[in-house]
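Notes follow the structure.
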Amino acid sequence: MVYHAFSNYAKYAWGANEHRPISKTSHSANVFGSDKLGISIIDSLDTLYLAGLEELYDNSRDWVEKQFNINVGSEVSVFEINIRLVGGFLAMYGLTNDKLYLDKAQLVADRLLPAFDTPTGIPYALITLSSGSSRNWNWAAGGCSILSELGTMHLEFQYLSQLTGKDTYLQKAEKIRKVVKDASESHLYYNYINQQTGKWCQKQASLGGLGDSFYEYLLKSWILSGKKDEQARSMYEDAMKAAEDSMLRKTPTTNLMYFGEQRSGRLDAQMGHLACFVGGLYVLSTLSGASSSNTSAKHEMEIAQGIGKTCHESYIRSATGLGPEAFHFERADNEAKSVRGDEKYYILRPEAIEGWFYLWRSTHDQIYRDWAWDALISLEKHCRVDGGYSGIRDVYSVPVAHDDVQQSFFIAETLKYLLLIFSDDSFISLDSYVFNTEAHPFRIRTV
Ligand code: DMJ
């Protein structure tokens with residue numbers, strides 16, 4: 001699958017950010033701008049390397065060395081460039097010790113730094129790479145910065161400081177954390193914050209889109225610090241407790257567990273596909289021993305298994321065996337299914353499989369490999385096309401309509417977690433590596 005996905009990208013769109021597997025042309029999402037930054041090459045490096053696809057990997061390294069160019073006029077997402085490019089390069093440096101990758105990681109991170117020049121240190125969402133000029137998304141509430149974006153710099157910047165010995169990066173991330181921590185209300189964190197004042201812009205909270213990886217990076221920063229960053233651990237524990245109280249529910253008759261979305265004190269009984277990652281996060285919390293005595297491992301594993309099951313239900317209640325972008329729990333006769341036309345799509349996302357990967361590693365219950373295998377078969381059946389893999393527009397409708405985009409996270413994450421779930425535990429052991437939010441494994445330093 002990795003070979004089919006990447007070799008077709010290479011054949012039809014080499015150097016472009018992504019590709020269209022049906023039109024067999026280049027594609028670039030607006031988060032990557034219009035220049036060819038080779039996002040799919042860099043995002044795929046570690047998966048190619050781990051899958052042992054040597055020729056494709058060698059060609060990719062060669063492209064990075066000779067053709068990668070960040071000195072372009074594109075306006076890009078600070079978050080996306082950080083998790084895919086800085087994260088992709090850092091993981092490769094940890095895996096290979098090849099200095100090229102550390103140099104490139106630093107080169108890219110340095111280009112992002114002007115976005116952090118705000119009164120609070122909270123970065124803008126978008127930056128023009130050549131000029132450093134920065135701004136927020138037009139659609140963001142109150143013109144504010146987004147929690148999942150500004151809260152997802154810490155791991156890469158911490159690791160870059162560890163590897164280069166330069167504190168600048170970690171200091172930027174620590175400054176953000178302080179502002180967000182000071183703003184929190186009873187350990188609740190909202191999705192939008194003003195980068196000028198450090199005040200919340202709206203009282204909406206979510207473990208799915210707009211919030212998700214902020215929570216993920218609290219736990220993972222603690223792990224990557226060799227479990228020394230106690231502030232990250234305690235913020236994670238308190239934030240998850242507050243999130244459970246305000247957003248974790250079970251359906252009354254079928255006991256399906258879900259994290260809803262908090263909107264100004266009211267809970268929306270819907271969950272996004274993105275929020276399925278949280279099952280894996282709870283497993284990692286237990287495996288790493290993050291909880292103090294207040295929160296038992298048993299409690300965490302119940303949530304991990306409950307969310308893993310609910311996300312699986314969202315997959316098997318569709319005609320394709322693949323899960324929709326969002327699903328609901330308001331009506332007993334329609335649980336874990338989409339209700340609106342604009343939330344029925346599947347764009348090759350990894351989060352459900354990611355959750356089952358962690359559950360497999362911690363329980364070795366065959367059911368998680370079976371669920372991953374069923375999803376893999378559905379991907380082959382409905383998403384594989386002659387020119388790679390495509391997202392689909394409606395998981396409830398067969399034959400499917402393709403969206404004609406192969407997202408770069410498909411190789412970086414979805415296929416990597418599939419590779420890992422069917423590999424031995426020692427292959428990228430969770431004792432030695434922590435994954436960034438784009439599934440790039442960072443080697444944990446023990447000193
Ligand atoms: C990825 O880019 C990352 O996992 C991010 O944190 C959220 N969304 C996508 C995949 O769905």
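General observations
- Unique match (being hydrophobic (A, V, I, L, M, F, W, C), touching a Ser or Thr at 6+ places or on another chain (Cβ under 7 Å) and assigned to a helix (DSSP H, G or I)) among Phe79, Phe89: Phe79
- Of all residues making up the range 348-371, the number that are part of a loop (DSSP other than H, G, I, E, B), open to solvent by 30 Å² or more (accessible area, probe 1.4 Å) and touching a residue at least 40 places away in the same chain (Cβ under 8 Å): 1
- Only listed residue being under 24 Å from Ser378 (Cα atoms), touching a strand residue (DSSP E or B) at 6+ places or on another chain (Cβ under 8 Å) and among the charged types (D, E, K, R), chosen from Asp424, Asp403, Asp394: Asp403
- Flag not set for Tyr169, criterion: crowded, with 20+ Cβ neighbours inside 10 Å and farther than 21 Å from Phe435 by Cα.
- Among the candidates Asp404, Asp386, residue that is surrounded by fewer than 15 Cβ atoms within 10 Å (Cβ to Cβ), more than 15 Å from the ligand (Cβ to nearest atom) and not small (Gly, Ala, Ser): Asp386
- Test: residue in the range 190-207 that is of a type in the set (Lys, Arg), at pLDDT 95 or above and farther than 22 Å from Gly280 by Cα: yes
- Filter result for Ser234 (open to solvent by 30 Å² or more (accessible area, probe 1.4 Å) and closer than 29 Å to Phe442 by Cβ): yes
- Test for Tyr258: is it away from the ligand (no atom under 16 Å from the Cβ) and either farther than 21 Å from Phe329 by Cβ or of a type in the set (D, E, K, R) (or both): no
The values are calculated or read from the model by the stated rules, or taken from the named source; none is laboratory data. What you see is a predicted model, and the numbers here were worked out from it, not measured in a lab. Cβ: placed from backbone, ideal geometry, glycine included. Neighbour counts: every protein chain shown. We work out accessible area using only protein heavy atoms, side chains counted, and drop any ligands, DNA or RNA first. Shrake-Rupley method; radii C 1.70, N 1.55, O 1.52, S 1.80 Å.
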